[in-house]
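K.L.:
Pasting a structure here, questions to come.
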Amino acid sequence: MKQNKSKKKSHPFWSFFWLTFLVVSLWYAWYSFYVPTNNVVWSNDIVASKELAKNSNKNVLIFFTGKWCSPCRIMKREVFADTKIMKAIQYKVIPVEVDMDDPNFEKLIKQYNISTTPTTIIIDPNGKVINYAVGKVGKTKFLEMVLNK
């Protein structure tokens, strides 16, 4: 006895659905990890940055991030690439980027009790916290933080 194996064709909707799903997924992956260039010059030396802050009458902006942190990359793209914010950073603070996976920053991470990324803090040259934000920060809130409003 021969069985009649006929393949049932799927509805065209499902082909469209899966193609759209694939395209949207690829776009989101690109969007999450794409970071445009900007003019913010990040330091990774907190001691030198504090000294520079003392000599230039500025505060220190510390951005705790990780290579794997998607919200950090989105923040870098949406916030740090903004012209107004780049100028505020340049004139008001010394920017320091801290990679949470770098063992050299373990003491600093413990000092400020950082447990998640992104975390943005602004300190005076002596290390006293002036402003603190956990999570992705929008342009307006970030500008307020930098301008100390």
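The values are calculated or read from the model by the stated rules, or taken from the named source; none is laboratory data. Remember, it's a predicted structure, so these values are computed and weren't measured experimentally. Note that we place each Cβ from the backbone using ideal geometry, even for glycine, and neighbour counts take in every protein chain shown. The protein model used for the area step is the full one, side chains on, heavy atoms only, and it has no ligands, DNA or RNA in it. Shrake-Rupley method; radii C 1.70, N 1.55, O 1.52, S 1.80 Å.
K.L.:
With respect to ALA88, determine if the residue is in contact with a strand residue (DSSP E or B) (Cβ under 9 Å, 6 or more places away or on another chain), more than 27 Å from TRP27 (Cα to Cα) and hydrophobic (A, V, I, L, M, F, W, C).
P.N.:
When the stated conditions are applied, ALA88 does not pass them.
K.L.:
Could you check how many residues of segment 131-142 are surrounded by 14 or more Cβ atoms within 10 Å (Cβ to Cβ) and of a type in the set (Val, Ile, Thr)?
P.N.:
2
K.L.:
Only residues that are over 16 Å from THR140 (Cα atoms) and hydroxyl-bearing (Ser, Thr, Tyr): list them for segment 51-96, please.
P.N.:
Those that are over 16 Å from THR140 (Cα atoms) and hydroxyl-bearing (Ser, Thr, Tyr): SER56, THR65, SER70, TYR91.
K.L.:
Which condition number in (1) without any contact (Cβ under 8 Å) to a residue 12 or more places away in the chain; (2) part of a loop (DSSP other than H, G, I, E, B); (3) open to solvent by less than 90 Å² (accessible area, probe 1.4 Å) is the one that VAL40 fails?
P.N.:
Tallying (1) without any contact (Cβ under 8 Å) to a residue 12 or more places away in the chain; (2) part of a loop (DSSP other than H, G, I, E, B); (3) open to solvent by less than 90 Å² (accessible area, probe 1.4 Å), VAL40 fails exactly one: (1).
K.L.:
Something else about it: Looking at segment 49-77, which of its residues are among the charged types (D, E, K, R), open to solvent by 60 Å² or more (accessible area, probe 1.4 Å) and in contact with a strand residue (DSSP E or B) (Cβ under 8 Å, 6 or more places away or on another chain)?
P.N.:
LYS67 - this is the single residue of segment 49-77 that is among the charged types (D, E, K, R), open to solvent by 60 Å² or more (accessible area, probe 1.4 Å) and in contact with a strand residue (DSSP E or B) (Cβ under 8 Å, 6 or more places away or on another chain).
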